[in-house]
Amino acid sequence: MRKSRRQQILTGLIVLFLLIVPKVQGADLDSVSELEAFFDGIFSIQLPAYNIPGAEIAVVKNGEIVFSKGYGFADLEKQIPMIPGTTLHRPGSNTKLLVWISVMQLMEQGRLDLYTDINNYLDFSIPSKTASGKEVPPITLHHLMTHTAGFEDEVALIMVSGADSIRSLGQYVREQLPARIFTPGSVMAYSNYGTTLAAYIVEQVSGQPFVEYVEENILQPLKMGSTTFAQPLPENLISRLSEGYRYQDGKFVPGGFEYVQSYPAGALTSSTLDMSRLIAALLNLGLVEASVESNEQENEEEVGSLQEVRILQEATASIMLKQQFAGHPEIPGMTYGLIEANYNGQRILSHGGDTLLFSTGLYFLPEENVGIYVVYNSLGGSIARNVLIESFMDRYFPLNASEQALPRPIIIGTEDNYSGLYHSSRANFTGIEALLRILQPIKVSVTPEGYLAVQTAGDTTYYGEVAPGLFQELDGQGRIAFSFDGGKATMIHLPWPGVWLRTPWQESFPFLASLLGVAVLFMLGTILGWIRTLFQNKQRSRSFTIPKLFGLVFILLFFTTVVLLIDMLNTTHPTLGVPLLVFEPSSTLKAILLLTKVLAGLGVLMFATTIYVLITKKGSLWQRLHYVLLTLSSLSVTLVLWQVNLL
């Protein structure tokens, strides 16, 4: 990966630290002092480098928490330190594990079938067709749990601005039903809605509110007493919650409490030790504890007897942790709810969690019976957690160099098969959020040496081929794989619940930006030209007044729409710093959508007027030619508005 100067320095510091501390093997995970020295070094680099006020780490081995420690501050102003077990945080998407465990519990009771049409469990219907009108098979819980249901992604209204805005689970899943885009079971596309829908199924089948079901069947057995879905927090917990921070203009800005509408997918509040107990239960294949005290009324022979308390039966937990979907045989896939990875030859099951203020990482190695949970109270942790787990693996489970494949250049002449623009399957396709998909392209090109250069989010990662269609990072272990149609790559498989799809040229950012840019420049030139003629004494042709009026109204309405759009995006949440549109319906957006429809109508009217002007030869030749170009500009704008679903 091509890194900034700052990132290069940071990586060098961590590598230097790992070289200074003597190498150890996994058995030394029992050494608290060694673990402490290792993590002290890591966090002393990460917190200032990634602009993070505080962090916590916990290590689980053989079902026990063998190490935990806090670093930095939970509250900078009050100088309150991060203390595992005391400090609370928002785990974000790691909340989803409680949904998947709930589903597996009901499955093992025979109340849910993972391969049955979910419409059988719902009190409303999921449409049988995709947004394109294609009839597709029904969605099952298996699809929801592997993120292969085929829903498009939506960001708006996942979070809300206050507790009063939170709708019931049933109301939310009905009113926010996203379009179906992909055939179920064909493409991974991470879905918050899919998780929330599964939670509603738990609610429907169990006959209990989802939060109540989880409290009774997971949190209480695991003794996760500091974990809750409550929004806002109750008085006995609110003082323990760490502030979440944004780093803005060189200083930390506290963001306050985040209210999550899609609460089964990301609203949990918990402690590091509670989340570590969840890891221990999964590593133990559902076993919570092996002994309980007997009731005083039990007879003497039963006192002190062993009793297994489980959240899942061993066979059920084994199914949950087994790979259930992979888009490519050489790329790690999904278990039921957990993301597979392969690093240093070890199978890692993991899940990340990001809110606007917190980043968490949950990792465990089933074969080694080892797990890690980390939390950062700033979004810088979304990068830091990846560095941390890789450093941990390099330290305690180093790679056998003989097992490492050697990436090589692609065959000369096949460059065009890979090159082009791609977009994520986790995207919006039918709403205005499609604009995000267009503005965030993934570019694949080929270097002069024959290696793939993949540019995304400002970074470039270089890959070499290790097998037909399979590529590995030149300076890392990450792998991607290509699917082809007619010899041309159409899909890139990732070690994550999503894929990159080749973008058709007519939907690409360069094409749409060029089209819009030329149209805007021509309209600006037209306005300036018309203003200039107002100060000239030349006689004007009255026969061309109406066509010019249509054009003038179109231009003025278009720039009014642009101004409203900019204003809407600049109207941000007072503490979270993102557009308010994310949290609540926007009256400005409604006005914009009305104006764009008027613009489309004017564009059609201008097209009809152009035909009339050309047939009747109204005005001068120059006027007719100019009006044709102005009409083409209006139609170009209309096409762009249509592509981003603003019509």
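Observations on the structure shown:
- Accessible-area rank, largest first, for ARG90, ARG532, ARG246, ARG479: ARG532, ARG479, ARG246, ARG90, with all protein chains present and a 1.4 angstrom probe.
- Residues of region 372-411 with amide N under 15 Å of the 7 Å Cα→Cβ point at ASP28: 392-399
- Amide proton proximity set for THR503, modelled H, under 5 Å, gap of 5+: LEU421, TYR422, HIS423
- A probe of 1.4 angstrom, applied to the heavy atoms of all protein chains, finds GLU212 with accessible area near 100 square angstrom.
- Karplus 3J(HN,Hα) series, Hz, for region 423-439 with 6.51 cos²θ - 1.76 cosθ + 1.60 (x for Gly, Pro): 9, 6, 5, 7, 7, 9, 10, 10, x, 5, 5, 4, 4, 5, 4, 6, 7
- For the pair GLU367 and SER44, a Förster radius of 25 Å applied to the C-beta separation gives a FRET efficiency near 0.20, rounded to the nearest 0.05.
- Label separation (LYS129 vs SER483): 2.4 nm, computed from points 7 Å beyond Cα along the C-beta direction.
- LYS443, LYS78, ranked by accessible area, largest first (probe 1.4 Å): LYS78, LYS443
- Amide proton proximity set for TYR259, modelled H, under 5 Å, gap of 5+: VAL160
- Dipole magnitude (debye, nearest 20) for the chain, charges at Cβ of Lys, Arg, Asp, Glu: 4820 debye
- Heavy-atom SASA rank of GLU473, GLU108 (probe 1.4 Å, accessible area, largest first): GLU108, GLU473
- Electrostatic bookkeeping for ARG167 treats Lys and Arg as +1 and Asp and Glu as -1; over the other residues with beta carbon under 15 Å from its beta carbon, the sum is -4.
- Prolate is the label for the chain, because the ratio a/c of its alpha-carbon gyration tensor axes (a ≥ b ≥ c) is 1.5 or higher and a/b is greater than b/c.
- Among complete DSSP H helices in the chain, those whose alpha-carbon atoms stretch at least 24 Å along the helix's long axis and whose mean Kyte-Doolittle hydropathy reaches 1.0 are 509-534, 545-570, 587-616.
- Rounded if a/c under 1.5, otherwise prolate or oblate - region 342-492, Cα gyration tensor axes: oblate
- Net charge dipole, region 103-194: roughly 120 debye, given to the nearest 20, about the Cα centre with Cβ charges of +1 for Lys and Arg and -1 for Asp and Glu.
- Accessible surface of region 482-570, 1.4 Å probe, proportion on carbon and sulfur as whole %: 69 percent
- Residue by residue, region 485-493 carries 3J(HN,Hα) couplings of 9, x, x, 10, 5, 10, 8, 10, 8 Hz when phi is fed to the Karplus relation 6.51 cos²θ - 1.76 cosθ + 1.60 (θ = phi - 60°); x denotes Gly or Pro.
- Per-residue HN-Hα couplings for region 470-477 [Karplus 6.51, -1.76, 1.60; θ = phi - 60°; Hz; x = Gly/Pro]: 10, 10, 10, 4, 5, 10, x, 10
- FRET efficiency, VAL66 to GLU415 (Cβ-Cβ, R0 56 Å, nearest 0.05): 0.65
- Computed [θ] at 222 nm, deg cm²/dmol, the chain (DSSP H ≥ 4; -39,500 (n - 2.57); rounded to nearest 500): -11500 deg cm²/dmol
- In the complete set of protein chains, residue-level accessible area for ILE615 is approximately 130 Å², probe 1.4 angstrom.
- For the chain, the solvent-accessible area works out to 45 Å² per residue, with a probe of 1.4 Å and every protein chain left in place.
- Taking amide H atoms as placed 1.01 Å from N in the peptide plane, the amide H of GLU308 has no partner under 5 Å among residues 5 or more positions away or on other chains.
- Farthest toward positive dipole pole in the chain [+1 Lys/Arg, -1 Asp/Glu at C-beta], among PHE511, LEU599, TYR50: LEU599
- GLU243 - accessible surface, heavy atoms, 1.4 Å probe, Å² rounded to 10: 60 Å²
- Most positive-pole-ward Cα, GLY431, PHE482, PHE550, against dipole of the chain from beta carbon charges: PHE550
- Heavy-atom accessible surface of region 168-273: percent carbon and sulfur, 1.4 Å: 48 percent
The values are calculated or read from the model by the stated rules, or taken from the named source; none is laboratory data. Model, not experiment: these values are computed from the prediction. Counting neighbours? That spans all protein chains shown, and the Cβs are built from the backbone with ideal geometry, glycine included. Ligands, DNA and RNA are excluded from the accessible area calculation, which covers all protein heavy atoms including side chains. Shrake-Rupley method; radii C 1.70, N 1.55, O 1.52, S 1.80 Å.
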